[in-house]
1. With a ≥ b ≥ c the root eigenvalues of the C-alpha gyration tensor of the range 4-137, is it rounded (a/c under 1.5), prolate (a/b larger than b/c) or oblate?
2. So what is the 222 nm mean residue ellipticity for the chain from helices alone, if each DSSP H run of at least 4 adds -39500 (n - 2.57) and you divide by all residues, rounding to the nearest 500 deg cm²/dmol?
3. Please report the spacing between the Cα centers of the range 46-60 and the range 233-248 in Å, no decimals.
4. With each label point set 7 Å from Cα along the Cα-Cβ vector, what nm distance links Thr135 and Leu33?
5. Could you tell me which of rounded, prolate or oblate describes the range 189-268, using a ≥ b ≥ c as the square roots of the eigenvalues of the alpha-carbon gyration tensor, with rounded for a/c under 1.5 and, failing that, prolate when a/b is larger than b/c and oblate otherwise?
6. What FRET efficiency comes out for Ala157 versus Leu75 if R0 is 30 angstrom and r is the Cβ-Cβ distance? Round to the nearest 0.05.
7. Counting other C-beta atoms within 10 Å, and keeping those with at most 15, which DSSP coil GluC sites (Glu not before Pro) do you find in the range 120-186?
8. Which trypsin sites (Lys or Arg not before Pro) from the range 209-265 combine a DSSP loop assignment with at most 13 other Cβ atoms within 10 Å?
Amino acid sequence: MRLLNASGCLDALTAPEVARSLDVFVTKTVTPLPREGNEAVRIAETEGGMLNAIGLANPGIERFRGEVLPRLVTLGVPIWVSVGGFCVEDYASSCSTLEECDEVEALELNLSCPNVDEVPENVGEVVAAARAATTKPLYAKLSPAADVADTARAAEAAGADGLSLVNTVKGLALEDALQPVLARGIGGLSGPALRPIALAAVYACFRATALPVVGMGGVTTGRDALELLAAGASDVALGTVLFADPGAGGRIRAELEAELAARGFAAADNAVGTAHGLDGRTLDRKSRVAPKKYLHTGANMAG
Ligand SMILES: Cc1cc2nc3c(=O)[nH]c(=O)nc-3n(C[C@H](O)[C@H](O)[C@H](O)COP(=O)(O)O)c2cc1C
């Protein structure tokens, strides 16, 4: 199991020691052209979490490659780049640019930002175009929509190597005068409120695909990380918690160790998938529940 940061939740160049406390540093989403992002106010605290509407502010792929990436390399932490866009070609072109960068270990396709007006087309098409543009490991980052398992299957069929689950869900906070706190109105909700939603998405996708999952969404303790592993994540990412507790990486790792030891797991990897009533060590990924059967069960549960 690796501990990562969630994209957009850590500026490794201003907090290098935080990045070094993790096994992988994931960049803020990079788009082909530079973006200023949305107007302020872009962040608000809310019950059980945080709302953001940053709007993918970033320097654009060329400045990222020329100026940011060389500085990130000096951290000595494996780098994953989060790639975003508004059409299939955006993703394909950034992936082929990054294919030339040996210092980038993997690419995460942000297919799920709630804070921009133009959303990418069909997930399968985006993943297929990115797959054709790079040999690097490709993770598809999805939002926890009702059809997340179907979307995950489409990403798998199109050549994704893994899933990052989950991005934020839409939320709204109103101030005293009953106006939206965020300039954009609606934002993305992250933090503890997202935890059961993230768990459900990881659980569903673990049963629906054979892809490894980076689980995230409201992790604040080792117990939270363990639950994501049990639901089926093989790696865990920390997001909102890093704003309040930059030392969360070390603390959560220690808490996870204690949780694992208390339950007799020799290693974190042995806990993966245990919520499915399977032994994570001997799990035959091909013998998972058939997709149709699972979907049927899901529909009943929703009622
Ligand atoms: C301020 C902020 C900025 C974010 N920026 C991005 C981003 O650029 N790309 C992305 O894929 N996810 C972004 N996210 C979503 C996180 O990566 C993560 O999926 C989400 O916050 C859930 O994890 P958490 O509850 O631990 O924060 C952002 C989240 C926050 C709070």
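No value in this document is a laboratory result; all are computed from the given coordinates. Nothing here was measured: the structure is a model prediction, and the numbers come from that model. Here the Cβ positions follow ideal geometry from the backbone for every residue, glycine too, while neighbour counts run over all protein chains shown.
1. Since a/c reaches 1.5 but b/c is at least a/b, the shape of the range 4-137 is classed as oblate.
2. Value at 222 nm, helices only, nearest 500: -9500 deg cm²/dmol.
3. So the separation of the two Cα centres works out to 15 Å.
4. Modelled inter-label distance: 3.3 nm.
5. oblate
6. FRET efficiency, Ala157 to Leu75: 0.30.
7. Sites meeting the loop and neighbour criteria: Glu121, Glu175.
8. When the trypsin sites (Lys or Arg not before Pro) of the range 209-265 are filtered for loop state and at most 13 Cβ neighbours within 10 Å, Arg263 remain.
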